[in-house]
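Q: Right, I'll just put the structure down here and ask away after.
Every read-out reported here was derived from the displayed coordinates using simple, explicitly stated rules and does not represent laboratory data. On a predicted model such as this, the values are computed, not experimentally measured, just so you know. Positions of Cβ are backbone-derived with ideal geometry, glycine not excepted, and every protein chain shown enters the neighbour counts.
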Amino acid sequence: MFAEENGFFGDPRIKAISDAIRVVPHFPKPGIMFQDITTLLLDPKAFRYTIDIFVDRYRDKNISLVAGVEARGFIFGPPIALAIGAKFVPLRKPRKLPGEVISEAYVLEYGTDCLEMHVGAVQPGESVLIVDDLVATGGTLSAAIRLLERAGAEVVECACVIGLPLVKGNWKLNGVPLYVLVEPRLDDLERTL
Amino acid sequence: MAATNSDHIQTDAAVKDVRISRISSSIRVIPDFPKPGIMFQDITTMLLDPVAFKDTIDLFVERYREKNISVVAGVEARGFIFGPPIALALGAKFVPIRKPNKLPGEVISEEYSLEYGTDIMEMHVGAVQKGERVLVIDDLIATGGTLVAAIKLLERVGADVVECACVIELADLKGRDRLGDKPLFVLVSSTC
């Protein structure tokens, strides 16, 4: 669900977050309007609001672990984990994690990719939050959910700064609810970086 | 915080020591990764200990809180784990320094040496202004090649790199010396 539909309508923090995101047209290829969160990170207030909204939502949900998807999930996941006293687990591209791993493949537009997690990072029955900057097709997040469920975790929710419902009105991914702060924008505001 | 009596200083050092020893113990060493002979310092186990992870961030924030740092630059990818919490606590901007072709906007690039060959590091144009005081963060310093490249990127835009900070230093590789006049602060020094 969108934060705005869940009690944040008119919250100036949501507008500040959305306005701080830069749209870069035709990256990485023609037709893609890339939602660039690096400008959000250059706005300490807006970055703080982003983390605060997630922390307020998850603080009392007994989440023991936050999993962040490489690499931009590493930016948003740890501050949330620290604030709620949870462990942080990086979900990584192949061959980056040094210990024994479990792997989950997922489909790209052309070809496949793979996400890995350390064996033993998650205990069966743990309540987990998955964090990434953006959800598009949901392929990466689905792979993340499968990895965590294979380790016996219960994925409580997936949280992203930016995204759209996967199909109109559908805010679940493999049965796991998706929580998003802002929609992607199609054009950029008048801005100097 | 000025300590004016020796008990206070001792207590400070003792508290810090307890935090540092927990952090150090929480780091896992994986032999022969990514190749034979390398003892890899794995911080993922520290991230599984919320007290150790919080202490790590607190130790850095305590050091830099009064130093007017306006930018924390974190090197991809493990610098992205430590940099943002520090930036948030300091009220500073966070700037990711990335492998090539990841940043979507206009970038400046810096090439650096690997053991075999070279690699490239990039930063967005306009992210850092001339004269800004910058802290560079990564999880670990080995030979110092990556940090030197990050420092060069920042200095090319006129920033003042105040210090480099890492959780772990591999002291035998003498990365500290490669940083030249740039100070290095680490929590744990390893001579594996």
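Q: May I ask what percent, to the nearest 5, of DSSP beta bridges between residues of the protein assembly as shown are antiparallel? Let's see the in-between values first.
A: On the way: 27 of 72 bridges.
So the antiparallel bridges in the protein assembly as shown amount to around 40 percent.
Q: Charges at C-beta only: +1 for Lys and Arg, -1 for Asp and Glu. How large is the resulting dipole of segment B:4-135 about its Cα centre, in Debye rounded to 20?
A: 240
Q: If you don't mind, there's one more thing I want to ask. Over 18 Å between Cα atoms, which of A:Lys96/B:Lys35; A:Lys93/B:Lys99; B:Lys54/B:Lys102 qualify?
A: B:Lys54/B:Lys102
Q: Near A:Ser103, within a Cβ-to-Cβ distance under 13 Å, what is the net charge of the other residues, with Lys and Arg +1 and Asp and Glu -1? Display every interim value, and only then the final one.
A: On the way: positive: A:Arg92, A:Lys93, A:Arg95, A:Lys96, A:Arg146, A:Arg150; negative: A:Glu100, A:Glu104, A:Asp113, A:Glu116.
That sum, taken over residues with Cβ under 13 Å, equals +2.
Q: Here is a further query. Under the classification rounded if a/c is under 1.5, otherwise prolate if a/b is larger than b/c and oblate if not, where does segment A:87-143 fall, given a ≥ b ≥ c as square roots of the Cα gyration tensor eigenvalues?
A: oblate
Q: Rounded to a whole number, what is D in µm²/s for the protein assembly as shown from Stokes-Einstein with the Kirkwood radius over alpha-carbon pairs (4 °C, 1.567 mPa s)?
A: 60
Q: Can you give the charge dipole size of chain A about its Cα centre, rounded to the nearest 20 debye, using +1 on the beta carbon of Lys and Arg and -1 on the beta carbon of Asp and Glu?
A: Result for chain A is approximately 260 debye, rounded to the nearest 20.
Q: Taking only C-alpha pairs under 8 Å that are 6+ residues apart, what is the relative contact order of segment A:36-140 in percent?
A: 29
Q: If you average the sequence gap of Cα pairs under 8 Å that are 6 or more apart and divide by the length of chain B, what percent do you get for the contact order?
A: Worked out over chain B, it gives 15 percent.
Q: Using a cut-off of 13 Å between beta-carbons, work out the net charge of the residues near A:Ala136 (Lys and Arg +1, Asp and Glu -1, A:Ala136 not included).
A: -3
Q: Also, I was wondering about something else. Which value at 222 nm does the protein assembly as shown reach when only helices count, each DSSP H run of 4 or more adding -39,500 (n - 2.57), with the total divided by all residues and rounded to the nearest 500 deg cm²/dmol?
A: That calculation yields -9500 deg cm²/dmol at 222 nm.
Q: How big is Rg to Rh over chain A, alpha-carbon atoms, Rh as the Kirkwood inverse-mean-distance radius?
A: Rg/Rh: 0.95.
Q: Using the Kyte-Doolittle scale, find the helices of chain B whose mean hydropathy is at least -0.5 and whose Cα atoms extend 27 Å or more along the helix's long axis, counting only whole DSSP H runs.
A: Once both thresholds are applied, what remains is B:6-26.
Q: Also, I was wondering about something else. Ratio of segment B:43-144's C-alpha Rg to 2.2 N^0.38 Å, to two decimals?
A: The reported ratio for this selection is 1.14.
Q: Which of the trypsin sites (Lys or Arg not before Pro) found in segment A:90-187 are in a DSSP loop and have at most 12 neighbouring Cβ atoms, other than their own, within 10 Å? Let's see the in-between values first.
A: Working: sites: A:Arg92, A:Arg95, A:Lys96, A:Arg146, A:Arg150, A:Lys168, A:Lys172, A:Arg185; in loops: A:Arg95, A:Lys96, A:Lys168, A:Arg185.
In loop regions of segment A:90-187 (DSSP not H, G, I, E or B), the sparsely surrounded trypsin sites (Lys or Arg not before Pro) are A:Arg95, A:Lys168.
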